[in-house]
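What follows is calculated from the coordinates using simple rules that are stated; it is not laboratory data. Small disclaimer: the values here were computed from a predicted structure and weren't measured. All Cβ positions, glycine included, derive from the backbone under ideal geometry; neighbour counts span all protein chains shown.
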Amino acid sequence: MADVNTGGDGGGGKHSKKRAKKTSTHIDMTPMVDLAFLLLTFFVLTSTFSKPTTMEITMPVDEGEKKKVFHALTILLMEDDEIYYYYGELKEDGSTQVNKTNFDPDKGIRKILIEKNRNAIDEIRKLKKDLIAKYAKSVSQDSLNRLVNKEVLSVHRRPDDQDPTLTVIIKADPKCKYGNVVEMIDEMSVAEIGKYALVDISPAEKEIVETIKSGGNNP
Amino acid sequence: MPKIKMPKSSPSLDMTPMVDLAFLLVTFFMLTAQFRGEEPVIVDIPASQKEIPIPDRDIMTITIDSADRVFFNIDNKAVRANLLKKMGEKYNVSFTEEQTKTFSLMNSFGVPMNNLAEFISANEGGREKMNKQTKGIPVDSANAATNQLRDWIIFGRLASAEFHRDKGEANVSKLRFAIKGDARANYEIINAILKTFQRTDINVNQFNLLTDLEGKVTAE
């Protein structure tokens, strides 16, 4: 296979003469090239460029006492990609307005979250613009990013007693899909929601959703 | 008779530049390639816009496939060997030297303790078959006695801490916890795993959910 072509064909008749033998320096590279491309193909096909990314979440710890949240939206993730949501507290007399929506990027839950969190989104956008205008020329891109992130975080984490930003409580039904939960957490970053928690769904909420599903009007 | 000289045009090309390029590419792909052991199941992880890459070291990965089966993985050979020893003591299963070595080089697994020795000793085909048949590691968030994932987590964390302590490092609790769930898995099993982590005897409340990067969207 890997024989070396010494160029013997070229000067066939002149072998008898006494002359410095002209050996060609050409090597048949075909097998080597074959092998190189074989390896190339192998590595191209086996290499994975997209490393998985990570979504960091911190689960709330049950500390016994219930904390009161002022500006809260509760999202119920149900079976078959359905989303129900209500604003504020779930009143025991059933007067809470529970609405249904979906994951549609234009008309679904994203729009509702953005509407509810309008103030914070505008504030963050203005903050980013101001910071970039003020520091873009004097500091490096890296430290500017750090600065922006820090300021954005302070808006996200602002305590409830001073101009509260929206808090979202995500309650996932055991029958809903894990992908939906991840998608919902991802929506939080789209709508600039800094405070959100993943909590178990309560029987009362399940009941309300069942009533709506069975065609009954929202009580 | 006059000889008719046919112009001898050589059919050979100068392949040197092509070969140079081919080897350059081969070298590039060889150096950038990351070899991972074969995963027991194919998991279709959900997409998100998060851009933080997952760390390679000191990570415990719980994989959940679309059929809600749970698989466990932890990196580092030494930690795995130590973990198997601890689990063997707890469940009264003794593993041979050979089995421990095989286990330390393995990847994710999803068999209950009573099948683990058989799983380790099986050949590749046997393991594949067992991976198809297994129901995953038993997770029962209500009952600690039948929750084997709880023990894997507790001893996995312990083994990792011992590894770092033996190396003389000040911070021994470096282990992080990743959840690699299939987007089609039911939330029930994910919740059971999260609840297991949040048990008072484990008390882990921070998780890394593995996702695939998708296009960035911002609210206007």
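What the table shows:
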quantity	calculated
Exposure proxy order (Cβ contacts within 10 Å, fewest to most) of B:L83, A:L153, A:L198	A:L153, A:L198, B:L83
Folded to 0 to 90 degrees: helix B:124-133 orientation relative to chain B principal axis, Cα	50 degrees
Cβ-placed point charges (K, R +1; D, E -1), dipole of region A:105-219 about Cα centre in debye, nearest 20	460 debye
Residues A:L113, A:L73 arranged by fewest to most Cβ contacts within 10 Å	A:L73, A:L113
Choice from B:N92, B:N131, B:N82 showing the highest fluctuation, given a GNM over chain B with Cα pairs closer than 10 Å	B:N92
Helix B:16-32 vs. chain B, principal-axis angle (Cα, 0 to 90°, nearest 10)	0 degrees
Among B:T196, B:T63, B:T16: highest mean-square fluctuation, GNM of chain B, C-alpha pairs under 10 Å	B:T16
Proxy reagent accessibility, fewest Cβ within 10 Å first, across A:K213, B:K180	A:K213, B:K180
Mean residue ellipticity (222 nm) of chain B, computed from DSSP H runs ≥ 4 via -39,500 (n - 2.57), nearest 500	-13000 deg cm²/dmol
Dipole axis of chain B (+1 Lys, Arg; -1 Asp, Glu on Cβ), positive-most option in B:A142, B:N208, B:A22	B:A22
Most mobile of B:G168, B:G181, B:G156 in a GNM of chain B (Cα contacts under 10 Å)	B:G168
Neighbourhood net charge (13 Å Cβ-Cβ; Lys/Arg +1, Asp/Glu -1) for B:V111	+3
Within 10 Å of each Cβ in B:177-188, the average number of Cβ atoms from other chains	5
Debye, to nearest 20: dipole size of region B:84-220, +1 on Lys, Arg Cβ, -1 on Asp, Glu Cβ	160 debye
Inter-chain shielding of B:135-146 (mean C-beta neighbours from other protein chains, 10 Å cut-off)	0
Hydrodynamic radius by Kirkwood, which averages 1/r over all alpha carbon pairs of the protein assembly as shown, in angstrom	26.7 Å
Centre separation in Å (Cα based) which lies between region A:109-175 and region B:171-220	23 Å
Local net charge near B:I154, Cβ-Cβ under 12 Å (Lys/Arg +1, Asp/Glu -1)	+3
Local electrostatic count, A:P52, Cβ distance below 9 Å [Lys/Arg +1, Asp/Glu -1]	+1
Under 5 Å, built H, 5+ apart or other chain: amide partners of A:V168	A:L73, A:K195, A:Y196, A:A197
Cα shape, region B:1-130, gyration tensor, a/c 1.5 rule	prolate
Partner chain coverage, peptide A:169-181 - average Cβ within 10 angstrom	6
Angle between chain B longest axis and helix B:77-91 axis [Cα atoms, degrees, rounded to 10]	30 degrees
Reachable aspartates and glutamates from A:K107, criterion Cα separation under 15 angstrom, eight or more residues apart if same chain	A:D81, A:E82, A:E115, A:E187, B:E220
Cα-based shape type of region B:165-220, given that a ≥ b ≥ c are square roots of the gyration tensor eigenvalues and the cut on a/c is 1.5	oblate
Rounded if a/c under 1.5, otherwise prolate or oblate - region B:57-180, Cα gyration tensor axes	prolate
R0 of 45 Å, Cβ-Cβ distance B:N92-A:E115: FRET efficiency to nearest 0.05	0.15
Mean Cα-pair separation over length for chain B, i.e. relative contact order, pairs under 8 Å, 6 or more apart, %	27 percent
